[in-house]
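The values are calculated or read from the model by the stated rules, or taken from the named source; none is laboratory data. This structure is a prediction, so every number in the text was calculated from the model and none was measured. Counting neighbours? That spans all protein chains shown, and the Cβs are built from the backbone with ideal geometry, glycine included.
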Amino acid sequence: MSRTGARPRVLVVGAGLAGTATAIRLLHFARRPLEIVLLERRPDYRSAGVAYHRDGNPWDHVFNIQAGRMSVFREDVLDFVHWANQEADRRDWPQRWAARKFTEQGPAPRRIFQDYLDDRLAEARRESCPGTVLVEADGEALAMDPRGRGFEVTIGHLCANGLDGLRPGPLPDTKVLGADHVVLATGLELKEPPFAAEVAGHPSFVRNPYSAAGVRALTRLRPDATVAIVGSVLSAYDSAGLLLRNGHTGRIHLISKSGTIFRTYPDTHEHGVVRLPRPETLLEPYRGPEEFLARAGAAWRAACSTVREQHPGIAPVIVSERVAKAWEPYLPEIIERIPTDDLRRLLDEFATTIAALRVGAVKYTMAVIEHAMRTPDGPVELVVGKVRAITPARSGRLLVSLAPQHDGRTLEADLVVSNFGRESDYAKVDGPLWRDLLRKGIAVPHERTGRGLEVDACGTLLDGDGRPAGPVSTVGVPREGDEIVRHGRTGAFAFNLAAIKNHSVSVAAHVVEQLELRQEGLYDIAARHPHYRSYASNPEEADRAALEESVVLEVRRLATRERREREALDSRLIASIHSMGGLPALPADVSRPDRLMRAVVNRVAVERLNDVSVTPRQLRRQLGIGNVDKPEG
């Protein structure tokens, strides 16, 4: 849709971490007037989502990773720590946190992340270019219809100030909002556990431990009660840790099909990247899952041995994480050899194991769990088994039955907490928006993995024919399957902050680029001349230095939060691009080759900002961005 006479409008659906991070980048990247509508159906989730909202995160819930890895800006690794120490309003914090100086390796409570994102969004709004507007709207996106070169989005119970151009919707309490581009940042979708159908509304069953009701159920439980926690992923440790820190003495059963317990990060742990050779044996012809797993196990053990020998300074508990991340560049080629059915089964069977290899948890979370498990007759017991059913008992308690091929026993509990996880198969997601998008073919479930949706390299939704479904992008969880097969990124993807940060940069840059090209009448150039982008990797020798200068300037512009500095960098960038001349790959009659060169430079700059082969601190040094190691506190 072309909104004639108005500034372009970008609708971001979902205002949790992914949506807020993308809105921040849009405010930074826009060089012309732009309206950004940040839509959230749950006001308490704004700038937080399920992972960080205050009502579901008491003060004992801390980040699973160190505070120094929680910056919303990958190129400014310590931004969150500096905010917590220098800017955060601590007046309502409990003393144990209010008096704390946060460090890069230390813990931090998850609930303060909402304030951090709020502050960074407000800062981005203040520092945006003139004419750029941010509208924070409450409401639920229900349906989308292509209109011209945009979408009309039906929104239920829309409440927002400053929105114009609305027209009455087809149903009571709905409005139709025109958007030139839509960004879907809807976060995780809860999976309904089939084994708990009989107890879905039972007062002793907690389906969502990150809800206000879930937290109340845990904190008000009598100390000697028996608790069963289904799942041993990181969210399960939050529930168990909350009970133990409140003096719980009754039995806590951690029920895990795989028996996986996550590793504890050392106090001095820092994010790092090692380089390993390709695991050549995994690139041999695929001969079935058992044979493949045997090869994978042998290659894994060899890689871990190599890291221990070549990097003796790496703590033993971190070796698996280093290997898992070093293998990511090779996984797409390996995955390509595995048949779809086998790939899906392997991902389902080993999801928790893979997540535990790739990420650990901070000592604050794990110490209380490990102590309770190590103590003779301690309250925490790891139960290895698959839950077959949860049913009411005559006593009013709940019965948790395990599958015969596993433990086989039945546990009776006063409270059952389900960490059964999220629904990654969007064909099964029950929300009205996703049902609408799949029915219309605007979104298609990811074919190879059954996780997330089909998207292109820019995060644009693809239809059933593999073509862009329109100006609609995705950030975060819906891209899980694509991230696995395109980049080899596996693990606990629902809360993968690194992936969300990269998505927010690339999607925001792509959206701004597309809107600017449209305004300049160059929107169809990429379709008519798709090879123009390859000029960045194969420039004429005479232009190489000028191209590099332009890319460095664009990287710094994208990474700069102050408007005046961005504008100065933009002026220098325009002059640098003009010095390069035209694009030899394009026909001579194409107008504004300098503008297309700008798009090329932007793409290369985004790739550099999102380079995961180096740590954020190494990236900062390589790109010459600001002060690499600002003092903490």
| said: Scan region 109-121 and tell me whether some residue there is of a type outside the set (A, V, I, L, M, F, W, C) and in contact with a strand residue (DSSP E or B) (Cβ under 8 Å, 6 or more places away or on another chain). | reply: yes
| Taking L163, is it modelled with pLDDT of 95 or more, among the aliphatic types (A, V, I, L, M) and not assigned by TED's automatic domain parsing to the domain that holds R388? | no
| field | Any hit, region 311-319, residues being of a type in the set (V, I, T) and surrounded by 18 or more Cβ atoms within 10 Å (Cβ to Cβ) | value | yes
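What residue, of A30, A23, A84, is crowded, with 19+ Cβ neighbours inside 10 Å, more than 17 Å from the chain's Cα centre (by Cα) and more than 29 Å from A213 (Cα to Cα)?
A30
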| Got at least one residue in region 235-243 being small (G, A, S), outside the structural domain of R111 (by TED's automatic domain parsing) and closer than 15 Å to L398 by Cβ? | no
| query | Only one residue in G466, G470 is of a type outside the set (A, V, I, L, M, F, W, C) and either touching a strand residue (DSSP E or B) at 6+ places or on another chain (Cβ under 6 Å) or closer than 24 Å to G214 by Cβ (or both). Which one? | reply | G470
| note | Of the conditions (1) assigned to a helix (DSSP H, G or I); (2) surrounded by fewer than 21 Cβ atoms within 10 Å (Cβ to Cβ); (3) modelled with pLDDT under 95, the single one that D76 does not satisfy is (1)
| request: Determine if region 338-352 includes at least one residue that is hydrophobic (A, V, I, L, M, F, W, C) and within 23 Å of G241 (Cβ to Cβ). | output: yes
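Checking the condition under 30 Å from A568 (Cα atoms), out of contact with any helix residue (DSSP H, G or I) (no Cβ under 7 Å at 6 or more places or on another chain) and aliphatic (A, V, I, L, M), which residue from A30, A21, A6 passes?
Residue meeting the stated conditions: A6.
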| said: Just to be sure before I move on: is T174 touching a Pro at 6+ places or on another chain (Cβ under 9 Å) and surrounded by 22 or more Cβ atoms within 10 Å (Cβ to Cβ) in the structure I sent? | reply: no
| request: Please find, within region 598-626, the residue that is modelled with the highest pLDDT out of those that are hydrophobic (A, V, I, L, M, F, W, C) and closer than 19 Å to I500 by Cβ. | output: V606
| query | Which residues, counting only those in region 254-292, are in a helix (DSSP H, G or I) and without any contact (Cβ under 8 Å) to a residue 40 or more places away in the chain? | reply | E280, T281, E290, E291
| message | Of everything in region 403-448, what is over 30 Å from G156 (Cα atoms) and among the basic types (K, R)? Give them in sequence order. | response | R409, R448
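Restricting to region 119-166, name every residue that is of a type outside the set (A, V, I, L, M, F, W, C) and closer than 25 Å to G441 by Cα. Working first, answer last.
We begin by selecting, within region 119-166, every residue of a type outside the set (A, V, I, L, M, F, W, C); these are 119-120, 123, 125-128, 130-132, 136, 138-140, 145-150, 152, 154, 156-157, 161-162, 164-165.
Once the filter is applied, which keeps residues that are of a type outside the set (A, V, I, L, M, F, W, C) and closer than 25 Å to G441 by Cα, region 119-166 yields G139, E140, D145, P146, R147, G148, R149, G150, E152, T154, G156.
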| Quick one: how many residues across region 288-304 are in contact with a helix residue (DSSP H, G or I) (Cβ under 9 Å, 6 or more places away or on another chain) and exposed (fewer than 13 other Cβ atoms within 10 Å of the Cβ)? | 1
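If I filter region 300-312 for residues that are out of contact with any Phe, Trp or Tyr (no Cβ under 9 Å at 6 or more places or on another chain), within 24 Å of G106 (Cα to Cα) and outside the structural domain of S401 (by TED's automatic domain parsing), do I get at least one hit? Even if it seems obvious, please write down each step before you answer.
Of all residues in region 300-312, those out of contact with any Phe, Trp or Tyr (no Cβ under 9 Å at 6 or more places or on another chain) come to 301-302, 304-312.
Checking the rest, the ones that are also within 24 Å of G106 (Cα to Cα) come to 311-312.
Pick out the ones that are also outside the structural domain of S401 (by TED's automatic domain parsing) and you get 311-312.
Yes, region 300-312 contains at least one residue that is out of contact with any Phe, Trp or Tyr (no Cβ under 9 Å at 6 or more places or on another chain), within 24 Å of G106 (Cα to Cα) and outside the structural domain of S401 (by TED's automatic domain parsing).
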| task | Give just the number: which of (1) modelled with pLDDT under 60; (2) assigned by TED's automatic domain parsing to the domain that holds V72 does V505 not satisfy? | result | (1)
| message | I'd like to know if region 110-128 contains one or more residues that are hydroxyl-bearing (S, T, Y) and closer than 26 Å to S613 by Cβ. | response | no
| said: Condition (residue is more than 30 Å from H446 (Cα to Cα) and either over 23 Å from the mean Cα position of the chain (by Cα) or hydroxyl-bearing (S, T, Y) (or both)) applied to region 333-346: is it met by at least one residue? | reply: no
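Which of the strands (runs of 3 or more DSSP E) found entirely inside region 167-231 contain at least 3 residues meeting this: in contact (Cβ under 8 Å) with a residue 24 or more places away in the chain and in contact with a helix residue (DSSP H, G or I) (Cβ under 9 Å, 6 or more places away or on another chain)?
181-184, 227-230
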| Residues located in region 404-421, provided they are among the hydrophobic types (A, V, I, L, M, F, W, C) and either over 21 Å from V233 (Cβ atoms) or at pLDDT below 90 (or both) | F420
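If I filter region 351-383 down to residues being under 27 Å from R287 (Cα atoms) and in contact (Cβ under 8 Å) with a residue 24 or more places away in the chain, which single residue comes out as surrounded by the fewest Cβ atoms within 10 Å (Cβ to Cβ)?
Step one: filter region 351-383 for residues under 27 Å from R287 (Cα atoms), giving 351-358.
Then keep just the ones that are in contact (Cβ under 8 Å) with a residue 24 or more places away in the chain; that gives 352-358.
Numbers: T352: 20, T353: 12, I354: 17, A355: 20, A356: 24, L357: 22, R358: 20.
My answer is T353.
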| Just a yes or no: is a residue in region 315-332 assigned to a helix (DSSP H, G or I), out of contact with any Gly (no Cβ under 9 Å at 6 or more places or on another chain) and farther than 19 Å from G488 by Cα? | yes
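Give the residue, chosen from R479, R489, that is among the basic types (K, R), buried (at least 21 other Cβ atoms within 10 Å of the Cβ) and touching a strand residue (DSSP E or B) at 6+ places or on another chain (Cβ under 6 Å).
Criteria check complete, one pass: R479.
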| note | Of those in region 119-140 that are part of a strand (DSSP E or B) and in contact with a helix residue (DSSP H, G or I) (Cβ under 7 Å, 6 or more places away or on another chain), the residue surrounded by the most Cβ atoms within 10 Å (Cβ to Cβ) is L134
| Yes/no for R344 being more than 17 Å from P289 (Cα to Cα) and either touching a Gly at 6+ places or on another chain (Cβ under 7 Å) or not basic (K, R) (or both) | no
